[in-house]
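The values are calculated or read from the model by the stated rules, or taken from the named source; none is laboratory data. Here the structure is a predicted model, which means the values were calculated and not measured. Cβ coordinates were reconstructed from backbone atoms using ideal geometry, including for glycine residues, and neighbour counts include every protein chain displayed. Quick note on the areas: whole protein, heavy atoms, side chains included, nothing else; ligands and nucleic acids left out. Shrake-Rupley method; radii C 1.70, N 1.55, O 1.52, S 1.80 Å.
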Amino acid sequence: MVTDTAPPNLAPAAPAETASAAPALTSRPGRWIDGWDPEHPAQWQQQGRAIARRNLRWSIFAEFLGFVVWQLWSIVAVMLPAAGFDLDTGQLFWLISIPSLVGATLRIPYSFLVPKFGGRNWTIISAALLLAPTIALAVCVSNPETPFGVLLAAAALAGFGGGNFASSMSNITYFFPQREKGWALGLNAAGGNLGASVAQFVVPIVVTIGAGATLNLPLAGWIWVPFILLAMFGAARSMDNLSNAKADFAGSAAALREPHLWLLSLLYIGTFGSFIGFASVFPKLIADQFPEFSAIAVGGASVSLAFLGALVGSLARPYGGRLADRFGGARITMLAFATMGAIALGVLVTLPLGDFWLFLGCFLLLFAAAGIGNGSTYRMVPVVFALRGGGTGDVSAQRKSAAALGLISAIGAFGGFLIPQALNLSFQATGGYAGAFLGFVASYAVLLVLTWVVYVRSGRLGAHRI
C-alpha cells in the first residue's frame, strides 16, 4: 500500500508470468524508483496512478509558492512610497519587472535539472531557494534607507519563483501516461498561476491588519516562510525520483532549429506574456490612475482589487485549452488576440473618463482573453510539431514537442518584463500610458495576422486544423 508519508512499498523485480503482467517497480534509498512505465496499463492501475497523483499534489503546492514569490514585488513595490521609501516611477517599474526577467531566464536551465537531480530532490532544492527572496524582501523593506540597488537585487532573487514552473512541469510530465498528461499538466499550471493572485490578495491584508498608521511590510516576506518549509518537508516525505527521467538535449537542439518554435514563442509572449506582465503591473496601474481604489478598507485591513486580474486569467486558461480541442488552437488564439487588441484600445479610449469600475471591467476582460489565449497557444505546440514530424506517433516529433513546450514557456515569460518596461518607457516619455497601449494594440494585430497566415489559412501544414 502506498501512503503519503512512507516510501512506496515496491516489490523487487520478478519474472513476468504473462504478457500483461505489470513491469516490476523497485525502490532505492533516497526515494528513487526504477522501472517506471506509466504507459503500461497494469502498472498504472496497480501502483502508478497513486504514486503519480501524490507527486502531483506536492508539485502543485511547491509551484504555487513559486508564483507567489515571483509576484511579491508586484504588490510590495506599490506600497514602498507609503512606507517611507523615496523611489521614482521608473525605479518602481524596475522592481516590478526584474523578477520576470530573471524568472524567464531561469526557466531554461530549470527545464533540465529534474533529470540531473531527481524530481523529488529538485523540488526540495527549488523550494528552499524561495527562502532567499522572501527573507531578503523582509529584511530590505524593513528600512526605508535601503539603497535602490539592494532592493533591485532582492527583487531579482524573486526570479527563483518564476523558474519553478519549468522544472515542475518537466517533472510531472514523466509521471503520467500520454492520455493523462494534459489533465495533469493543466492542474499543475493552473495551481501555479493562482499563486500570483493569492500574493496580491494576501499581502495587503497581512501588512496592514493591526498595523495602525504604518505598514508592516516585512510580513510580506516572512508570512511565506512556514509554507515554504512545509513544501520542502512534504516533498522530502512524499515525492519520488524517477531513474528513467532523462534530459533530452538532442530534442531541445532539434526544437531550436525548428522555425515554428520561434513563431509559437512570439504567440506565447503575446498570450502568457500579457497575462504575467499585466498581472505584475496591474497594482501599479490602479495606484497611479485611481489611488483611492488602490487599497479598500475591510475591517482592520486593506484589500487590493488587483488580485482579480491574475485570478480571472488563471481560471480562464483551462477553457482556452478546451476551446482549442473543439475548434482548433489557432482559431481560438486569433480570437484571443482580436479580443485583447479591442480591449486594449477600449482601455486607451476610456482611461480619460476616470471611471474605475469601467477600467476594472476592461482589464478583467483583457485578463480573461489572455488566459484563454494562453491555454489555446500552449495546446497548439504538440499539434504543430506532430504535423511537422509526420503524425502523433512520430517519436522524434514527440521529443521535439516536449522540448519545445519548455523552451516556449521560458521565452513567453519574458513578456512579464517587456510589458512593464513598455509602460515605463511610455510614462517616462509622455507622462502617461497611452503610447504603450497603442503599442499593445499594434502588437496584438500583428500576432493575429501571423496566426492566420501561418496556422489558419488554407494550405498551411497540410491543410490540417491546428
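Structural remarks
- Residue within the range 38-61 that is assigned to a loop (DSSP other than H, G, I, E, B) and either hydrophobic (A, V, I, L, M, F, W, C) or farther than 30 Å from Thr26 by Cα (or both) present: no
- The C-beta contact set for the range 175-196 (first residue within 15 Å of Arg379 (Cβ to Cβ), second residue among the charged types (D, E, K, R) and open to solvent by 60 Å² or more (accessible area, probe 1.4 Å), distance under 9 angstrom, 6+ apart or interchain) comprises Gln178/Glu39; Gly182/Asp325; Gly182/Arg379; Ala184/Arg53.
- The range 165-283 holds helices (runs of 4 or more DSSP H) entirely within its bounds, and those carrying 1 or more residues that are aliphatic (A, V, I, L, M) and within 30 Å of Leu450 (Cα to Cα) map to 178-208, 249-256.
- Taking the criterion of being part of a helix (DSSP H, G or I) and surrounded by fewer than 22 Cβ atoms within 10 Å (Cβ to Cβ), the residues of the range 71-91 that qualify are Pro81, Ala82, Ala83, Thr89, Gly90, Gln91.
- Members of the range 250-272 found to be more than 16 Å from the chain's Cα centre (by Cα), open to solvent by 40 Å² or more (accessible area, probe 1.4 Å) and either within 20 Å of Ala104 (Cβ to Cβ) or not small (Gly, Ala, Ser) (or both), listed by number: Leu256, Arg257, Pro259, Trp262, Leu263, Leu266
- In the range 277-305, the residues that are open to solvent by 10 Å² or more (accessible area, probe 1.4 Å) form Cβ pairs under 9 Å with partners that are at pLDDT below 80 and aromatic (Phe, Trp, Tyr), at six or more places apart or across chains, as follows: Ala287/Phe293; Leu305/Phe293.
- Contact map, the range 329-355: residues that are free of Cβ contacts under 8 Å to residues at least 40 places away in the same chain paired with residues that are in a helix (DSSP H, G or I), Cβ distance under 6 Å, separation 6+ or inter-chain. Pairs shown: Thr339/Ala369; Ile343/Cys362; Ile343/Leu365; Ile343/Leu366; Gly346/Cys362; Thr350/Leu358.
- Failed criterion for Phe112 (all others in (1) modelled with pLDDT of 90 or more; (2) in contact with a Gly (Cβ under 9 Å, 6 or more places away or on another chain); (3) over 19 Å from Leu157 (Cβ atoms) hold): (1)
- Any hit, the range 37-56, residues being touching a residue at least 12 places away in the same chain (Cβ under 8 Å) and within 23 Å of Ile269 (Cβ to Cβ): no
- Within the range 186-197, if we keep just the residues that are open to solvent by 30 Å² or more (accessible area, probe 1.4 Å) and touching a helix residue (DSSP H, G or I) at 6+ places or on another chain (Cβ under 6 Å), the residue that is modelled with the lowest pLDDT turns out to be Gly186.
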